[in-house]
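Colleague: Just passing along the structure, written as C-alpha cells.
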Amino acid sequence: MTKEKKELELVSIKLIKSKRKRVDFECVEKLAESIGNGFIILWQHHEIFVGEIKNKEIEWCDNKSMIKDDLFINHFVQLRAFDETKEFYFWKTAHEIKGRLREDGMDDSKDVPFIKSDLVLREVIANQLLKLDKYKGKSNLKVITRNYINEEGQAGYVDSRFVDFV
C-alpha cells in the first residue's frame, strides 16, 4: 500500500468515525502534507473555502482562521485537495463521508483514457483565487479537469478530478 493510500485511509477513518460530530482538522492538514503544492477546496452548506497548498501547508485565500472551529460534520458537503498528478476527494452522503484518491500513474488509472476540460469557476471560488498573487488581475478563471472514460459497454465518465486553475 502506498503512502498516499495509507493517508487516504487515515483521513477517511478520522472523517467518518468522528465521534464529536466534528472533523478533526489535523486530518485535513495531513492531506496538504501528501499534496505538497496544490490547492484545496472545502464546500460547506454555508460557505466555500479555497486554499493554496504551499510546502505542505494550507494558506486559506480569505485568511479565515475560524475555519478550524467551523468544520462541523453537519455542515460538510465535500472537499477536494489536488495537484497536477493526484486528487483526494471526500463527499458526504446521507449517512457517511466517503472518499477516494485518484492518482495518475497508479496501477488502476494509468491506462484509463481521459478527456481534459476547462470549467469556468463560480464567482465564489474565483473571487477567493483572485486574492493570490498569481491570479491577481486575471479574468475568466477556470479549473482544469480530467474526466476518466469507462470503455466497457457504453462509454461514459467513471470519475473526474481537478488538476489546476488557469
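Colleague: Considering only residues of the range 132-157 that are in a loop (DSSP other than H, G, I, E, B) and in contact with a strand residue (DSSP E or B) (Cβ under 9 Å, 6 or more places away or on another chain), which is nearest to Val50 (Cα to Cα)?
Modeller: Quick first cut of the range 132-157, residues in a loop (DSSP other than H, G, I, E, B) only: 132, 136-141, 151-155.
Then drop every residue that is not in contact with a strand residue (DSSP E or B) (Cβ under 9 Å, 6 or more places away or on another chain), which leaves 132, 140-141, 155.
Numbers: Leu132: 11, Asn140: 17, Leu141: 14, Ala155: 33 Å.
Restricting to residues being in a loop (DSSP other than H, G, I, E, B) and in contact with a strand residue (DSSP E or B) (Cβ under 9 Å, 6 or more places away or on another chain), the top hit is Leu132.
Colleague: Another one. Anything in the range 73-104 that is under 16 Å from Val28 (Cα atoms) and among the polar types (S, T, N, Q)? List them, or say none.
Modeller: The initial filter retains those residues of the range 73-104 that are under 16 Å from Val28 (Cα atoms), namely 73, 75-83, 86-92, 97-101.
Correct list: Gln78 only.
Colleague: Follow-up question, since we're still on this one. When you look at Ala94, is it part of a loop (DSSP other than H, G, I, E, B) and either exposed (fewer than 13 other Cβ atoms within 10 Å of the Cβ) or at pLDDT 85 or above (or both), yes or no?
Modeller: When the stated conditions are applied, Ala94 passes them.
Colleague: Could you list, in sequence order, all residues of the range 114-150 that are over 19 Å from Asp83 (Cα atoms) and surrounded by fewer than 13 Cβ atoms within 10 Å (Cβ to Cβ)?
Modeller: Hits for the range 114-150 are Arg122, Glu123, Val124, Lys136, Gly137, Ser139, Asn140.
Colleague: Let me ask something additional. How many residues are polar (S, T, N, Q) and either assigned to a strand (DSSP E or B) or modelled with pLDDT of 80 or more (or both) when one looks only at the range 10-60?
Modeller: The number of residues fulfilling the criteria is 4.
Colleague: Next question. Quick check: anything in the range 71-78 at pLDDT 85 or above and more than 18 Å from Ile35 (Cβ to Cβ)? Spell out the reasoning first.
Modeller: Step one: of the range 71-78, the residues at pLDDT 85 or above are 77-78.
Now restrict to residues that are more than 18 Å from Ile35 (Cβ to Cβ): 77.
Yes, some residue in the range 71-78 is at pLDDT 85 or above and more than 18 Å from Ile35 (Cβ to Cβ).
The values are calculated or read from the model by the stated rules, or taken from the named source; none is laboratory data. Predicted model only: the values in this text are computed from it and were never measured. Don't worry about glycine lacking a Cβ; one is built from the backbone with ideal geometry, like all the others, and counts go over all protein chains shown.
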